[in-house]
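Here's the structure, in structure tokens; my notes come after.
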């Protein structure tokens, strides 16, 4: 499958977030599902507008390029979503 059939980014669709072609489903959603332990089939059940071939191509391309997502280094690990602040002791 050609890359232009899998993912695209358009400022008019979700502010330019990379989505599967022909859908409004962000590619990040697939990666989040896979990292949570879901299968491609489970993802596709929730997002039927994405084709199996698109999901496989995105999985192979995205995970190979990026590896698993790591939390930003400046995040407070004990309170997810909160930025760590270094205060003088």
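Do the conditions hold for residue 11, that is, is it surrounded by fewer than 15 Cβ atoms within 10 Å (Cβ to Cβ) and at pLDDT 80 or above?
Numbers: surrounded by fewer than 15 Cβ atoms within 10 Å (Cβ to Cβ): yes; at pLDDT 80 or above: yes.
Criteria met by residue 11.
Spot the failing condition for residue 6; the list is (1) at pLDDT 95 or above; (2) in contact with a helix residue (DSSP H, G or I) (Cβ under 8 Å, 6 or more places away or on another chain), and only one is missed.
That leaves (1) as the condition not met.
Can you report the number of residues in segment 40-67 which are assigned to a loop (DSSP other than H, G, I, E, B) and modelled with pLDDT of 95 or more?
So the count comes out to 5.
Can you tell me which residues in segment 1-31 are free of Cβ contacts under 8 Å to residues at least 24 places away in the same chain, under 13 Å from the mean Cα position of the chain (by Cα) and in a helix (DSSP H, G or I)?
Passing the criteria: 28, 29.
Restricting to segment 22-38, name every residue that is surrounded by fewer than 16 Cβ atoms within 10 Å (Cβ to Cβ) and either touching a strand residue (DSSP E or B) at 6+ places or on another chain (Cβ under 7 Å) or over 16 Å from residue 57 (Cβ atoms) (or both).
24, 32, 35, 36, 37, 38
The values are calculated or read from the model by the stated rules, or taken from the named source; none is laboratory data. None of these values were measured; they are calculated from a predicted model. We place every Cβ from the backbone using ideal geometry, glycine too, and count neighbours over all the protein chains shown.
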